[in-house]
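To start, the structure itself, in structure tokens.
Computed from the coordinates by the stated procedures, all read-outs in this text should not be read as laboratory data. Just so you know, these numbers come straight off a predicted model, no measurement behind them. Note: ideal-geometry Cβ built from the backbone for every residue, glycine included; neighbour counts use all protein chains shown.
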Amino acid sequence: MAEIAFYHLLRAGPEQVLPPLLGRTLALGERAVIRCASAERLAALDDALWLAASPDWLPHGSAASGEADLQPIWLTLADEAPNGARFLFLIDGAESARLDAFTRVFDLFDGHDEAALSAARARWQACRAAGHAVTYWQQGARGWEKKT
């Protein structure tokens, strides 16, 4: 079973939230795959990761650049992990039928969008019903707050 963390974004979007999470992932010696729900989001994240100030180096690639096996971070629209990642980041409601293939899953969703909130609640319930360990984090004034 995967450890799945839901991240309720209220103060910043994925372009700002992902770099520190990915920096910690790489510091642990892990690889990541980021599954996006749209080509536009994938392109925006690709740019944001190259321009991130902290950490200042987030090596990554996508189908456009190729060589997935060499990429510590892989951006994709598909339900795949061609770089051997054990950490999965789901953005904008993207889902995976392969949650058990990962050690950790990060589900980031827009807390200002009612449809996104409703869909995240449904994913939470499905993950709990499947026996995954789930946690819920919400952006607050002082950073991430773990909620019950």
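Values computed for the structure shown
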{"read-out": "Cα-based shape type of region 53-97, given that a ≥ b ≥ c are square roots of the gyration tensor eigenvalues and the cut on a/c is 1.5", "value": "oblate"}
{"read-out": "5 angstrom amide H check on Ser62, placed H, neighbours 5+ away", "value": "Leu75"}
{"read-out": "Rg/Rh ratio calculated on Cα atoms of region 72-148 (Kirkwood radius)", "value": "0.96"}
{"read-out": "Percent RCO, i.e. relative contact order, over the chain, from Cα pairs under 8 Å lying at least 6 residues apart", "value": "35 percent"}
{"read-out": "Of all DSSP beta bridges in the chain, antiparallel share, percent nearest 5", "value": "15 percent"}
{"read-out": "For the chain, the fraction of alpha-carbon pairs in successive 5 Å shells from zero, as %", "value": "2, 10, 20, 24, 23, 14, 6, 1, 0"}
{"read-out": "Sorted by Cβ density within 10 Å, fewest first, the residues Thr76, Thr135", "value": "Thr135, Thr76"}
{"read-out": "Fewest-first ranking of Val33, Val105, Val17, using other Cβ atoms within 10 Å as the exposure measure", "value": "Val17, Val105, Val33"}
{"read-out": "Value of Rg to Rh for region 92-137 (Rh from inverse mean 1/r over Cα pairs, i.e. Kirkwood)", "value": "0.94"}
{"read-out": "Contour excess over end-to-end distance, with Cα ends at Ala27 and Ala130 and 0.36 nm allotted per residue", "value": "34.1 nm"}
{"read-out": "Estimated FRET transfer efficiency (Glu145, Thr103; beta-carbon r; R0 22 Å; 0.05)", "value": "0.40"}
{"read-out": "Net lengthening on full extension, Ala115/Asp56 (0.36 nm per residue, minus Cα-Cα)", "value": "17.9 nm"}
